[in-house]
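The values are calculated or read from the model by the stated rules, or taken from the named source; none is laboratory data. As the structure is a prediction and not an experimental result, all values here were calculated from the model. With ideal geometry, Cβ positions are generated from the backbone for all residues, glycine too; neighbour counts draw on all protein chains shown. We work out accessible area using only protein heavy atoms, side chains counted, and drop any ligands, DNA or RNA first. Shrake-Rupley method; radii C 1.70, N 1.55, O 1.52, S 1.80 Å.
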Amino acid sequence: MDKIQVTTHSHAEFIDITPELNSLLEKQATKEGICYVYIPHTTAAVTINENADPSVRKDILNELNRMVPWSGRYTHMEGNAAAHIKATLVGSSISVPITGGKLALGTWQGIYFCEFDGPRRREVFVQMIKSE
Ligand code: ZN
């Protein structure tokens, strides 16, 4: 298993980790298989979405904030219940097919680490599973 270190700089943000995943894939020289990306945190997540227009990421973050406001009728004593809820809504893992030695992402897709309770130092676990 590989690990990617991510340092977040805002309370909530999406960070493009596609370049780091591509370089891991190049090192592993996996031609066909699956890239499994897992977030070992309870207030962060991973998602695939548009890599062209950054306003898409902004809209997703804004809508998540509207759906799950920071202050609410939460019982979690640590005070970051909203971050836990957003992490569950977005999800803790993704899988992307690998073909021809590359991630089979669509033209407009990027892979994003989603911070919901930063800034912090975070980790991403990556398993490249060969199928050939
Ligand atoms: Zn908490």
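Quick look at the numbers
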{"quantity": "Flag if Ala45 is without any contact (Cβ under 8 Å) to a residue 12 or more places away in the chain, closer than 22 Å to Phe125 by Cβ and in contact with a strand residue (DSSP E or B) (Cβ under 6 Å, 6 or more places away or on another chain)", "calculated": "no"}
{"quantity": "Residue among Ala29, Ala52, Ala82, Ala87 that alone is hydrophobic (A, V, I, L, M, F, W, C), surrounded by fewer than 19 Cβ atoms within 10 Å (Cβ to Cβ) and more than 15 Å from Val126 (Cβ to Cβ)", "calculated": "Ala52"}
{"quantity": "Residue that is farthest from the ligand (Cβ to nearest atom) [pool: residues in the range 67-96 that are among the polar types (S, T, N, Q) and within 19 Å of Gly110 (Cβ to Cβ)]", "calculated": "Ser95"}
{"quantity": "Failed item, numbered, when Gly101 is tested on (1) within 16 Å of the ligand (Cβ to nearest atom); (2) open to solvent by less than 50 Å² (accessible area, probe 1.4 Å)", "calculated": "(1)"}
{"quantity": "All positions within the range 115-132 that are of a type in the set (Asp, Glu) and open to solvent by less than 10 Å² (accessible area, probe 1.4 Å)", "calculated": "Glu115"}
{"quantity": "Residue that is most open to solvent (accessible area, probe 1.4 Å), among those in the range 59-79 that are over 19 Å from Val37 (Cβ atoms) and assigned to a helix (DSSP H, G or I)", "calculated": "Arg66"}
